[in-house]
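*Asks:* Provided herewith is a single structure, encoded as structure tokens, for subsequent inquiry.
Every number in this text was worked out from the coordinates using simple rules, so none of it is lab data. Since this is a predicted model, take the numbers as computed values, not measurements. We place every Cβ from the backbone using ideal geometry, glycine too, and count neighbours over all the protein chains shown.
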């Protein structure tokens, strides 16, 4: 949810930085269904809690190649390579930990998140995490709205998406120059 809020803020800043939101309508992305399927499935996986089963873990892992295929097909779009790098960082951490994003116990506590034993979680504190530095180690603390944990990959994805929005819109924040 915090990533959606960040992108909404980035979008709101477009006109303030001299960009045109209309220019976003000219952006033509290849195979957008891949991204929509991956995102909708990820939302469903998180929104519909259930036990940690092989198919939930498998689906969590399988969604990343769909998203990465979308990124590859659109790699010439400004910011898309950063989005792909962030997603790849997340996928590597998830694969190294048996299909679950490792999370820092301290970050989870700071965000006020408590795992429910036995339920599938996209992100979890693991006894012996691998590549924890790529996991959910950044916290937006509980007193703040949208408290949550984030990974370095999430931050790279958000920055890449914000750059994409600003670059395509002709915003000065992305170094774009508007033609007369």
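*Asks:* Which order results if 136, 154 are arranged by neighbouring Cβ count within 10 Å, fewest first?
*Replies:* Details: 136 27, 154 21.
Ordered from fewest to most neighbouring Cβ atoms within 10 Å, 136, 154 come out as 154, 136.
*Asks:* How much mean residue ellipticity at 222 nm does the chain get from its helices, if each DSSP H run of length 4 or more adds -39500 (n - 2.57) and you divide by all residues, to the nearest 500 deg cm²/dmol?
*Replies:* Numbers: 6 runs with 93 residues, N = 180.
Value at 222 nm, helices only, nearest 500: -17000 deg cm²/dmol.
*Asks:* Counting only DSSP beta bridges with both residues in the chain, tell me the antiparallel percent, nearest 5. Don't skip to the end; give the middle numbers.
*Replies:* Numbers: 5 of 8 bridges.
Antiparallel bridges: around 60 percent, rounded to the nearest 5.
*Asks:* If you fit an axis through the alpha-carbon atoms of helix 54-73 and take the longest principal axis of the Cα set of the chain, what angle between them do you get, 0 to 90°, nearest 10?
*Replies:* 20
*Asks:* Here's another thing I want to ask about it. How would 127, 116 line up from fewest to most surrounding beta-carbon atoms within 10 angstrom?
*Replies:* Working: 127 4, 116 8.
Ordered from fewest to most neighbouring Cβ atoms within 10 Å, 127, 116 come out as 127, 116.
*Asks:* Helix 80-96 versus the longest principal axis of the chain: what angle, 0 to 90°, nearest 10, using Cα atoms?
*Replies:* Tilt relative to the chain: about 10 degrees.
*Asks:* I've got another one for you. For a quick check: sort 163, 64 by the number of other beta carbons within 10 angstrom, fewest at the front. Write down the numbers at each step before the final one.
*Replies:* Numbers: 163 21, 64 18.
Starting with the residue having the fewest Cβ neighbours, the order is 64, 163.
*Asks:* Counting only Cα, what are the radius of gyration and maximum Cα-Cα distance Dmax of segment 65-146, in Å?
*Replies:* 14.6, 43
*Asks:* For the chain, take the longest principal axis of its alpha carbons; what is the angle in degrees between that and the long axis of helix 152-169, to the nearest 10 within 0 to 90?
*Replies:* 20
*Asks:* Let me ask something additional. For the chain, state the average projected area of the convex hull of the C-alpha atoms over all orientations, rounded to one decimal in nm². Can you show the working numbers first?
*Replies:* Working: hull surface 43.1 nm².
So the mean shadow area of the Cα hull is 10.8 nm².
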